[in-house]
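This report refers to the structure that appears directly beneath it.
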Amino acid sequence: VKSNSQLPSAHILIVDDESAVRNLLCAILQDNYACTTAESAEEALRLIGDVRFDVIISDIHMAGMSGIELISRVLGLSPDAVVMVISGSTSIDSAIEAIRSGAFDYLKKPFDAEQVELAVDRAVAHAALIAAQRKYETDLERLVEERTARLNYLAFHDALTDLYNRGSFERRLTTALEGDAGRVSVVFVSLDNFKALRDGFGHSFGDRLLREVGSRLANVSDRVTVARFEGDEFALLVKDTDHDAVSAFVQKVFEIFSAPFKVDEYEVFVSVSIGVAMSDAAHNAQVLLRNAGAALSHARQLGGNNFQFYSSDINLRAIRRLELENDLRRALDRGEIGLHYHPILNTNTRKIVGAEALVRWNHPKLGPVPPIDFIPLAESIGSINPIGEWILESACRQTKHWHEQGFPIEIAVNLSPRQFQQHDLERKIREILEKTGLVPSYLNLEVTESSIMNNADAAVSILRGLRNAGVKISIDDFGTGYSSLGYLQKLPIDILKIDKSFVSDVSANPDDAALIITIISLAHNLRLRVVAEGVETEEQLKFLHLMKCDEWQGYFYSRPVNADAFESLLIASNVKD
Ligand code: C2E
Ligand code: CA
Ligand code: CA
């Protein structure tokens, strides 16, 4: 075996039982190629097993295995092999046979050096072409393989965070529940302020934040399966139902949110709500997921940044809330919403000078639902505006009717925070006043300090707009919120309603008495009218009278009553001019 010491690009194997032929071919080719020689087909096959040759040049007639057989063996081993045969001028038929069996070309004896070089160059080029084609095919195959793997991956994972997706999570949960222990907890984690952050900083910021959150969650424990469901909802599968152990785990989850998240140049704090459901014998994956979801919404309803274990009453509460929401959507159309009127009296004359309209919902099954229960519900499902408009219109129409009866009373109507933020509130109020014919100055709109402070920048202009429509503004529940008289000074308002909590303690608690005195005198300095709410006793009334409180309202005179009963009170109190 003779091998060339140079390292040219292609490697050629020369097979011939005549050493003269081998040597001659080597001499011709070794300037351009690495040449290896073999004395027999058998030796050639051994070499081919170890080394990769670009081109194999073989004699046809050899002792032992023939060149033709060698060709079929070689091509059987590697179909890409490029084989040339050597044929004498008399054995051209065998050369043709060799090409039929898969040889690429043949070299005719006696050798012409130039012819041999050209033919071998062609064979080497062909070998290179085949190799390139093979490489392209394997690249393509690899690409397809990679794509398929990615698709398979995506079928089980979330593309954004690389965590498991909902489908995988459910399958794993099912498997875990079927396992012999079957003790599994599902922990749902949701970001409290995600929507606001995404709206503020943009969607790609939101995506990167979710990725960060995902990677922190994935690192909480290596024994926990973490998945992202939709949006900012993550699910964790904990193989434990020990209450303390799961609570400790949840604490660890809270801890990873104590450090701010760095996304781009921003650092943001993220708080989370967490809902936990633990398996019991009766549970399947779907029930467990639903329970964890219910616990999560309960945590959210409690204002976020807290965690709740699922308990069956959460479910009941959620169902009740859902039912109540549905019922509330239809309540207006079904005529279940009504108004009661609570008399407001002048402290000196003891006559009714006005009424506060108080909404009532008469639920067909539950009976009366108090406004503090359904007003926030109406706000959250977006039906406060139609209900609020109905209240305004009914109150104005009713009051106009009493004016026509000769009772020139004012009507106070509560505006919920959401209503107060409506951009076209002024226009709506003007329309209602026009429609009902009520003189605007008889309408008082009650807003709370917190409604104003929630929207402090816009508040002054909203209030101005309302007052431009000719109506009066009352600050409701004064004393319970910010109670900044300094700030009130800047607001275009007319009336201050002292919250009933101060009134109720006025005889027992000297601090409350002092506060009422201060509020009344400051309000009077600001030329505001003062109304005291929640007067239940003669004593409270006497005190308010002494302190020159202008008006009062309370059970001491009457509970809120329907329109007919209120009319009787009007007649009895003789407000008629
Ligand atoms: P608010 O505006 O402070 O209404 C006064 C509440 O105190 C009324 O309860 C009234 O019945 C009650 N009240 C009046 N005098 C006394 C008294 O002497 N003693 C006691 N213990 N309570 C007294 P109500 O009708 O249950 O309303 C509760 C809250 O619901 C209202 O507080 C108001 O924030 C909201 N609300 C009521 N009606 C409406 C409405 O039409 N629209 C909006 N947006 N909110 C309303
Ligand atoms: Ca009120
Ligand atoms: Ca009030």
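The values are calculated or read from the model by the stated rules, or taken from the named source; none is laboratory data. What you are looking at is a predicted structure, and each value in this text was computed from that prediction instead of being measured. No Cβ is skipped: glycine too gets one built from the backbone with ideal geometry, and neighbour counts run over all protein chains shown. What goes into the accessible areas is simple: the full protein's heavy atoms, side chains included, and nothing from ligands, DNA or RNA. Shrake-Rupley method; radii C 1.70, N 1.55, O 1.52, S 1.80 Å.
If DNA, RNA and ligands are ignored and the probe is 1.4 Å, what is the ranking of Leu118, Leu197, Leu209 by accessible area, most exposed first?
Numbers: Leu118 95, Leu197 20, Leu209 0 Å².
Descending accessible area places them as Leu118, Leu197, Leu209.
Go through segment 563-569 residue by residue and turn each phi into a ³J(HN,Hα) via Karplus (6.51, -1.76, 1.60, θ = phi - 60°); whole Hz please, and just put x for glycine and proline.
4, 5, 5, 5, 4, 4, 4
Would you mind counting up the charge near Asp550? Only other residues with Cβ under 14 Å from its Cβ, with Lys and Arg at +1 and Asp and Glu at -1.
Details: positive: Arg350, Lys351, Lys472, Lys497, Arg527, Arg529, Lys548; negative: Glu410, Asp494, Glu533, Glu551.
Surrounding charge for Asp550 is +3.
Setting aside same-chain residues fewer than 8 positions from Lys262, which aspartates and glutamates have a Cα under 12 Å from its Cα?
Cross-link targets: Glu212.
Can you tell me the mean projection area, over all orientations, of the convex hull of the chain's alpha carbons? Units nm², please. Intermediate values should be presented prior to the final figure.
Details: hull surface 183.1 nm².
Directional mean of the projected Cα hull area for the chain stands at 45.8 nm².
What share of all Cα pairs of segment 23-94, in percent, falls into each consecutive 10 Å distance bin?
Pairs per bin, as whole percents: 18, 53, 28, 1.
In the structure shown, do any of Lys428/Lys542; Lys351/Lys435; Lys428/Lys497; Lys435/Lys497; Lys195/Lys252; Lys400/Lys500 have a Cα-Cα gap over 31 Å, and if so which? Kindly include the intermediate steps, with their values, before the conclusion.
Numbers: Lys428/Lys542 40 Å; Lys351/Lys435 29 Å; Lys428/Lys497 25 Å; Lys435/Lys497 28 Å; Lys195/Lys252 24 Å; Lys400/Lys500 28 Å.
Where the Cα-Cα span goes over 31 Å, the pairs concerned are Lys428/Lys542.
Straight-line reach only, C-alpha to C-alpha below 19 angstrom: list the aspartates and glutamates that Lys109 could link to, leaving out same-chain residues fewer than 8 apart.
By straight Cα distance, Lys109 reaches Asp16, Asp17, Glu18, Glu39, Asp59, Asp93, Glu97, Glu117, Asp121.
Please report the relative contact order for the chain, taking Cα pairs under 8 Å with a sequence separation of at least 6, and give it as a percent rounded to a whole number. Mind showing how you got there, number by number?
Values: 920 pairs, mean separation 44.6, N = 577.
After rounding, I find 8 percent.
Per residue of the chain, what 222 nm ellipticity follows from adding -39500 (n - 2.57) for every DSSP H run with n ≥ 4, rounded to the nearest 500? Display every interim value, and only then the final one.
Working: 22 runs with 285 residues, N = 577.
Mean residue ellipticity, 222 nm, calculated: -15500 deg cm²/dmol.
At 4 °C and 1.567 mPa s, what whole-number value in µm²/s does Stokes-Einstein give for the translational diffusion of segment 136-182, with Rh from the Kirkwood sum over Cα pairs?
On the way: Rh = 12.5 Å.
Diffusion coefficient, whole number: 104 µm²/s.
Mind grabbing the base-10 log of I(q)/I(0) for segment 481-576 at q = 0.11, 0.19, 0.24 Å⁻¹? Debye formula, identical points on the C-alpha positions, no solvent, two decimal places.
Once normalised to I(0) and log-transformed, intensities are -0.37, -0.93, -1.21.
Measure off, as a whole percent, the carbon and sulfur share of the 1.4 Å-probe accessible area of the chain, all protein chains present. Let's see the in-between values first.
Working: 14580 of 28910 Å².
Roughly 50 percent, rounded to a whole number.
Among Tyr106, Ser78, Met65, which residue has its Cα furthest toward the positive end of the charge dipole of the chain, with +1 on Lys/Arg Cβ and -1 on Asp/Glu Cβ?
Ser78
Only loop residues by DSSP count here, and only those with at most 16 other Cβ atoms within 10 Å; note down the trypsin sites (Lys or Arg not before Pro) in segment 36-143 that meet that. Kindly include the intermediate steps, with their values, before the conclusion.
Values: sites: Arg46, Arg52, Arg73, Arg100, Lys108, Arg122, Arg134, Lys135, Arg142; in loops: Arg52.
Listed in order of number, the matching sites are Arg52.
How big is D for segment 521-576, in µm² s⁻¹ as a whole number, if Stokes-Einstein is applied with the Kirkwood radius of its Cα pairs at 37 °C and 0.692 mPa s?
On the way: Rh = 12.7 Å.
Answer from the Stokes-Einstein relation: 258 µm²/s.
Could you work out how much longer the chain between Ser507 and Ser312 gets when fully extended? Use 0.36 nm per residue separation minus the Cα distance between them, nm to one decimal.
Working: separation 195, 0.36 × 195 = 70.20 nm, distance 4.50 nm.
Here the segment from Ser507 to Ser312 would lengthen by 65.7 nm.
Using Cα atoms only, what is the angle between the long axis of helix 166-178 and the major principal axis of the chain, expressed in degrees (0 to 90) to the nearest 10?
90 degrees
Kindly give Rg over Rh for segment 202-302, based on alpha-carbon atoms, with the Kirkwood expression for the hydrodynamic radius. Show your work: numbers first, answer last.
On the way: Rg = 14.4 Å, Rh = 14.7 Å.
So for segment 202-302, dividing Rg by the Kirkwood Rh gives 0.98.
Within segment 1-81, report the GluC sites (Glu not before Pro) that DSSP leaves as loop and that have at most 15 other Cβ atoms within 10 Å.
Numbers: sites: Glu18, Glu39, Glu42, Glu43, Glu69; in loops: Glu18, Glu39.
When the GluC sites (Glu not before Pro) of segment 1-81 are filtered for loop state and at most 15 Cβ neighbours within 10 Å, Glu18 remain.
For the chain, with every protein chain kept in place, what is the accessible area per residue (1.4 Å probe, Å²)?
Details: 28910 Å² over 577 residues.
Accessible area per residue: 50 Å².
Hey, what's the Kirkwood Rh for segment 170-217 if you take every pair of different alpha carbons, in angstrom?
Numbers: mean 1/r = 0.0764 Å⁻¹.
After inverting the mean inverse Cα-Cα distance, the result is 13.1 Å.
Could you tell me the accessible area of Asp112 in Å² (1.4 Å probe, neighbours in place), rounded to the nearest ten?
80 Å²
To the nearest 10 square angstrom, what accessible area does Met453 show with a 1.4 Å probe?
50 Å²
Report the calculated FRET efficiency for Asn32 and Glu267 (r = Cβ-Cβ distance, R0 = 56 Å), to the nearest 0.05. Don't skip to the answer; put the middle values down first.
Working: r = 66 Å, r/R0 = 1.17.
Given R0 = 56 Å and the Cβ-Cβ separation, E is 0.30.
Can you give the local net charge around Met453? Use residues other than it whose beta-carbon is closer than 14 angstrom to its beta-carbon, Lys and Arg +1, Asp and Glu -1.
Local net charge: -3.
Nearest 0.05, what FRET efficiency do Val144 and Glu431 give at R0 = 56 Å with Cβ-Cβ as r?
Details: r = 66 Å, r/R0 = 1.18.
Given R0 = 56 Å and the Cβ-Cβ separation, E is 0.25.
When 1/r is averaged over all different Cα pairs and the result inverted, which Kirkwood radius in Å belongs to segment 452-523? Before the final figure, lay out each step's value.
Numbers: mean 1/r = 0.0756 Å⁻¹.
With all distinct Cα pairs of segment 452-523 included, I get 13.2 Å.
Pairing the Cα long axis of helix 312-331 with the longest principal axis of the chain, what angle in degrees results, from 0 to 90 and rounded to the nearest 10?
Its long axis makes an angle of about 70 degrees.
Which three lengths, in whole Å and largest first, does segment 375-460 cover when its Cα atoms are put on their principal axes?
40, 26, 19
Calculate one ³J(HN,Hα) per residue across segment 30-35 by plugging θ = phi - 60° into the Karplus curve 6.51 cos²θ - 1.76 cosθ + 1.60, and present them in order as whole Hz with x for glycine and proline.
5, 5, 9, 9, 7, 10
Relative to the present Cα-Cα distance, how much length would full extension add between Leu322 and Met453 at 0.36 nm per residue of separation?
Full-extension gain reported as 44.1 nm.
Relative to the longest principal axis of the chain, what angle (0 to 90°, nearest 10) does the C-alpha long axis of helix 243-256 take?
That helix lies at roughly 80 degrees to the long axis.
Trypsin sites (Lys or Arg not before Pro) within segment 420-508: which are DSSP loop residues with at most 10 other Cβ atoms inside 10 Å? Can you show the working numbers first?
Working: sites: Arg427, Lys428, Arg430, Lys435, Arg464, Arg467, Lys472, Lys490, Lys497, Lys500; in loops: Lys490.
Here the sparse-neighbourhood loop sites are Lys490.
By a straight-distance test (C-alpha under 17 Å), which lysines pair with Lys490 as possible cross-link partners, with residues fewer than eight away in the same chain excluded?
Partners within reach: Lys472.
Mind putting together the pair-distance distribution for segment 393-439? All Cα pairs, 5 Å bins, whole percent per bin, short to long.
5, 21, 26, 24, 14, 7, 3, 0
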